[in-house]
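One structure is given here, and the rest of the page talks about it.
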Amino acid sequence: YGTGVNLRNQFIATTNRRLDSWGINTIGTWSLDEFRLANNRPFVHLLRTTGFPVHLPTPTTAWSTPPDPFHPQFQSWMTTQFASDLAGLNGLSNFMGVYVDNEMSWGHSFSNSLIDRYSLSLGVLAAPVNQPAKAEMIRFLQRKYRNIGRLNSAWRTTFMSFASMNSSISITNPSQLTVSMQTDLKDFN
């Protein structure tokens with residue numbers, strides 16, 4: 001790009017010429033603003049929920065932990081936060097849309113470890129009673145099994161009641177995960 005004070009401008013101009021010659025017609029979310037905002041190519045933008053204060057604990061966290069989507073303030077927080085984040089982009093004819101978050105620890109289907117695979121749901125089971133996702137998971141299980149005996153039979157557990165599931169349930173040994181439990185953890189996730 002030569003020498004001098006305008007190296008960035010020269011880089012941008014050269015890269016735009018290359019993008020045109022290669023037929024690149026969309027700018028990705030991690031591209032420099034000069035590429036996303038300074039030309040007519042369609043572009044996408046990244047929004048993040050990592051700023052929401054209540055997250056789900058996960059036994060295996062590779063990147064970031066997801067926010068608790070069952071928290072009563074999550075939707076209003078997103079509406080306010082996203083409106084603010086998008087204020088400068090709304091109305092741009094080349095603004096295509098958004099991605100929300102990236103590489104959160106929902107679980108790792110590529111892992112051979114069942115604990116990794118069901119990390120999010122296992123984190124919810126281990127969460128304290130005041131975690132909104134925990135209450136939702138218990139409701140999910142109540143709707144499916146209707147009584148604690150059916151759940152205990154499917155999961156090979158000895159819970160006294162659905163209310164007793166409010167305590168932290170720590171599952172760290174993959175042999176504890178029955179086929180029914182795996183199905184429920186996957187379905188909840």
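Some points to look at:
- Phi-based couplings in Hz for region 16-31 (Karplus 6.51, -1.76, 1.60; Gly and Pro marked x): 4, 4, 5, 4, 4, 5, 8, x, 6, 10, 9, 9, x, 5, 9, 6
- Distance from the Cα centroid of region 47-75 to that of region 128-189 is 21 Å (rounded to whole angstrom).
- Neighbourhood charge, 14 Å Cβ-Cβ cut-off, centred on Gln10 and excluding it, Lys, Arg +1 and Asp, Glu -1: +2
- Relative contact order (percent, whole number), region 1-137, Cα cutoff 8 Å, 6+ residue spacing: 25 percent
- Scattering profile of the chain at q = 0.09, 0.12 Å⁻¹ [log10 I(q)/I(0), Debye over alpha-carbon scatterers]: -0.51, -0.73
- Think of each Lys and Arg Cβ as +1 and each Asp and Glu Cβ as -1; about the Cα centre, that makes the dipole of the chain roughly 440 debye.
- Computed with every protein chain present, the accessible area of Asp20 is close to 100 Å² [probe 1.4 Å].
- Across the accessible surface of region 51-189, with the other protein chains kept in place and a 1.4 Å probe, carbon and sulfur atoms take up 53 percent.
- Helix-only arithmetic for the chain: the sum of -39500 (n - 2.57) across DSSP H runs with n ≥ 4, divided by the residue total, places the mean residue ellipticity at 222 nm at -12000 deg cm²/dmol.
- Counted charge near Thr49, where neighbours are those whose Cβ lies closer than 13 Å (Asp, Glu -1; Lys, Arg +1): -3
- If you take the alpha carbon atoms of region 8-65 and fit the smallest convex hull around them, that volume is 125 Å³ per residue.
The values are calculated or read from the model by the stated rules, or taken from the named source; none is laboratory data. Quantities reported herein were computed from a predicted structural model and do not represent experimental measurements. Virtual Cβ from ideal backbone geometry, glycine too; neighbours counted across all protein chains shown. Just the protein is used for accessible areas: all its heavy atoms, side chains included, with ligands, DNA and RNA removed. Shrake-Rupley method; radii C 1.70, N 1.55, O 1.52, S 1.80 Å.
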